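Peer 1: This is the structure I have questions about; it appears just below.
The values are calculated or read from the model by the stated rules, or taken from the named source; none is laboratory data. Quantities reported herein were computed from a predicted structural model and do not represent experimental measurements. Don't worry about glycine lacking a Cβ; one is built from the backbone with ideal geometry, like all the others, and counts go over all protein chains shown.
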Amino acid sequence: MKGLIYKDITLFFKCIDKKLVLIVVGAIILLMANTGVYAGLLASVMLAMTIGMQNIMSFASDEKASWKKYQLAMPANAVSVVAGKYISVICTLAVSIGGSILFNLLSSIAFRKFDVTVWGVSVTASLIVPLLWTGICLPLTYWFGFRSAQTMGLIAVIPMSYFVKYFEDGVGFSAMTSSILSYAAVAGIAVIVFFIISMIISMAGYNRKK
């Protein structure tokens, strides 16, 4: 399984689209210039969305290359193959969390204000969003193919974009961050349970296509 995890993580970084990076960097700069002390939070959400999309794009490249044929020839069962994908997603959370810490640090320095609540919500979002995104799209990939997962990933961008726009317009920053943080533990547990259920469904989909 270690080899499969290494392959997926390597593929994640190799499949990074330079155009996507430029778009995300530009959007993050605009957010950090217009949203004050909440810039780190919005930048973290934007990065987390990108991590989720990038994971799906890298897994889609496996499908395009017919990697399943090679997987079937390997001494690896459905549990190790699918679990390897999910573990690689968890590993990429380090990028999401690291980016969130960096963005909030820059925001805190720039605006000379350290808000523990904003930092907490930012880190929570950097964990939850990629897990939720891939938890939805990976079962679709194994059951219906990568195109359905890509479509769902694009659809998921819409509510997330509205969430970012909501904050960018300056509506209820303080009240929203405080209320979100109060439910962070419950949301985290729910997403972990959902992620595990998603992996089980993906394993069933993988076995179905043998």
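Peer 1: How about the range 3-98: which helices (runs of 4 or more DSSP H) wholly inside it have at least 3 residues that are modelled with pLDDT of 75 or more?
Peer 2: Ranges flagged: 18-34, 39-64.
Peer 1: Next up: If you scan the range 96-119, which residues turn out to be buried (at least 17 other Cβ atoms within 10 Å of the Cβ), out of contact with any Phe, Trp or Tyr (no Cβ under 9 Å at 6 or more places or on another chain) and not hydroxyl-bearing (Ser, Thr, Tyr)?
Peer 2: Passing the criteria: ILE97, GLY99, PHE103, TRP119.
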